Amino acid sequence: MLDPDHPIAELLERDKRYHFDAYVFVFEALRFAQEKLGLGTEYIDVETDADDQDEPERHVSGQELCEAMRLYAHEQYGYLAKSVMNHWGIESTGDFGEIVFNLINIEQMRKTPRDRREDFEDVFDFDEGFQHNFQFSSPDSREERRS
């Protein structure tokens, strides 16, 4: 259960657009982007003491994160990816940006001076981005008779 004093619990009370699972998904997709896809460039935050960090952070751009979220959603939810996103309140890549910047505002994520909410706008069309191009076909009935 989520601690009611946790910043995300307070955020969910203030901004009811997105389900808690949408926030969890963004964290998981960021890890997927960095660890599985190898995305992100080294970034040292000059506001924090670089000596306190074991290793530099790997920064993922808004566009990279959107693509990682699309791929991760496909991997996790298959054909239902778009439906799951929609159920959580996510209708476009702009919603990914809203979630990320909500997390930045409550200091659960960080950004570089170059990052903007607009970086997440129209990265891909949700209908096309979550469409699978699989074709189902039945075996040729003539082939079955020969067996």
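The values are calculated or read from the model by the stated rules, or taken from the named source; none is laboratory data. Please read these numbers as outputs of a predicted model, since none were measured by experiment. No Cβ is skipped: glycine too gets one built from the backbone with ideal geometry, and neighbour counts run over all protein chains shown.
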TODO: State yes or no: is Phe96 modelled with pLDDT of 90 or more, in contact with a Ser or Thr (Cβ under 8 Å, 6 or more places away or on another chain) and not charged (D, E, K, R)?
DONE: no
TODO: With respect to Ile90, determine if the residue is among the β-branched types (Val, Ile, Thr), at pLDDT 95 or above and over 15 Å from the mean Cα position of the chain (by Cα).
DONE: no
- [ ] Among the candidates Leu11, Leu103, Leu80, single out the residue that is of a type in the set (A, V, I, L, M, F, W, C), part of a helix (DSSP H, G or I) and modelled with pLDDT under 95.
- [x] Leu80
TODO: Could you tell me which residue of the stretch 32-72 is modelled with the lowest pLDDT, considering only residues that are in contact with a Phe, Trp or Tyr (Cβ under 9 Å, 6 or more places away or on another chain) and of a type in the set (D, E, K, R)?
DONE: Glu57
Open item on the list: It is to be established whether one or more residues within the stretch 56-74 are in contact (Cβ under 8 Å) with a residue 60 or more places away in the chain, β-branched (Val, Ile, Thr) and surrounded by 15 or more Cβ atoms within 10 Å (Cβ to Cβ).
Closed with: no
